[in-house]
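Below is one structure, written out as structure tokens; comments come after it.
Every number here is computed from the coordinates shown, using simple stated rules; none is lab data. Quantities reported herein were computed from a predicted structural model and do not represent experimental measurements. Neighbour counts are summed over all protein chains in view; Cβ atoms, including those assigned to glycine, are modelled from backbone coordinates with ideal geometry.
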Amino acid sequence: MAVRPLADRVLVKRLEEKEEKQGGIIIPDTAKEKPQEAEVVAVGPGKRGDKGDRMAPDVKKGDKVLISKYGGTDVKINGAEYVILREDDILGVIE
């Protein structure tokens, strides 16, 4: 199943954080924070300007980005978890 985001929305997949154990303490999954790093899976065509013309998005498929912890909408597609959010909710691109 292919998903094509609409307007200025972006479909991202959160990247798993490396589990580091310091001092032998194991943190359960329920206590871990959501990772802020994500990879762009699909990008919408961009939002429309005041005159109706499309404004191209600043991110593209494959970009690694920083997103807010609780921004966007969590969705499950074919058993995999993704987040759909507006391009404005992306904090930055990791280069």
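The figures follow:
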quantity	calculated
Whole-Hz ³J(HN,Hα) from phi, Karplus 6.51 cos²θ - 1.76 cosθ + 1.60, for the range 89-94, glycine and proline x	7, 7, 7, x, 9, 8
Space enclosed by the convex hull of the alpha-carbon atoms of the range 54-95, per residue, Å³	101 Å³
Cβ-based exposure ranking for D58, D50, in which fewest neighbours within 10 Å come first	D50, D58
Theoretical FRET efficiency, 1/(1+(r/R0)^6), r = Cβ-Cβ of L66 and V3, R0 30 Å, to 0.05	0.90
Simple spin-label estimate for K13 and A80 in nanometres, 7 Å along Cα-Cβ	0.3 nm
